[in-house]
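Enquirer: Could you have a look at this structure, given as structure tokens, before my questions?
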Amino acid sequence: MRCPFCGHEDSQVKDSRSSEDGAAIRRRRQCEGCGARFTTFERIQLRDVTVIKKNGQREPFDRSKLARAIGFACRKREIAPDRIERLVSGIQRQLETRGDEVRAEEIGEAVMNGLKTLDHVAYIRFASIYKDFNEASDFAEIAGEVVEEPDAPAPSTPAPKLL
């Protein structure tokens, strides 16, 4: 593994452990050239997935794009990073088992379904961009769907203390 600091070709694995519920291996490495330490992750990849965008363009699936979109929706919410990572990994596994090609709409729906169970505010944030809300009534409609859920999880933020 090439060192990200000095570019030296060899590094030594100092520690390995399972992460993401066994879906990845986290390795701490040390560069044999400069001595810097860095972390790498190994993940299972069932197949290369191609995303078919709305305009028909095809591009390789990019896990970091998925993680970034979910991260934006969850920003400033009290959601543990490992729960977000599990959601990203779960969606990636779903996509890899569906086939070699997946439509962008399928990814968006999978994210919405995952966020709906994770955090209602993050769900509404993502939906507002994904569904391209133009009016306040669009927000009210999606918020109404969340409120009507009978087994909806409790909000992840604590209630404010009243004086």
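The values are calculated or read from the model by the stated rules, or taken from the named source; none is laboratory data. Because the structure is predicted, anything quoted here is derived from the model rather than measured. FYI the Cβ positions are ideal-geometry reconstructions off the backbone, even for glycines, and counts take in every protein chain you see.
Enquirer: Only one of 17, 58 is out of contact with any helix residue (DSSP H, G or I) (no Cβ under 6 Å at 6 or more places or on another chain) and outside the structural domain of residue 98 (by TED's automatic domain parsing); which?
Expert: Matching residue, one of 17, 58: 17.
Enquirer: Hey, another quick one. Restricted to segment 103-124, and to residues that are of a type in the set (Val, Ile, Thr) and more than 25 Å from residue 41 (Cα to Cα), which residue is nearest to the chain's Cα centre (by Cα)?
Expert: This residue is 117.
Enquirer: Kindly establish whether residue 10 is surrounded by 11 or more Cβ atoms within 10 Å (Cβ to Cβ) and within 24 Å of residue 81 (Cβ to Cβ).
Expert: no
Enquirer: Now, a different point. Among 40, 117, which is the only one that is modelled with pLDDT under 95, of a type in the set (S, T, N, Q) and in contact with a Phe, Trp or Tyr (Cβ under 9 Å, 6 or more places away or on another chain)?
Expert: The unique qualifying residue is 117.
Enquirer: Another question, then. Just to be sure, is residue 17 among the basic types (Lys, Arg), more than 30 Å from residue 146 (Cβ to Cβ), without any contact (Cβ under 8 Å) to a residue 24 or more places away in the chain and surrounded by 11 or more Cβ atoms within 10 Å (Cβ to Cβ)?
Expert: So residue 17 does not fit the description; no.
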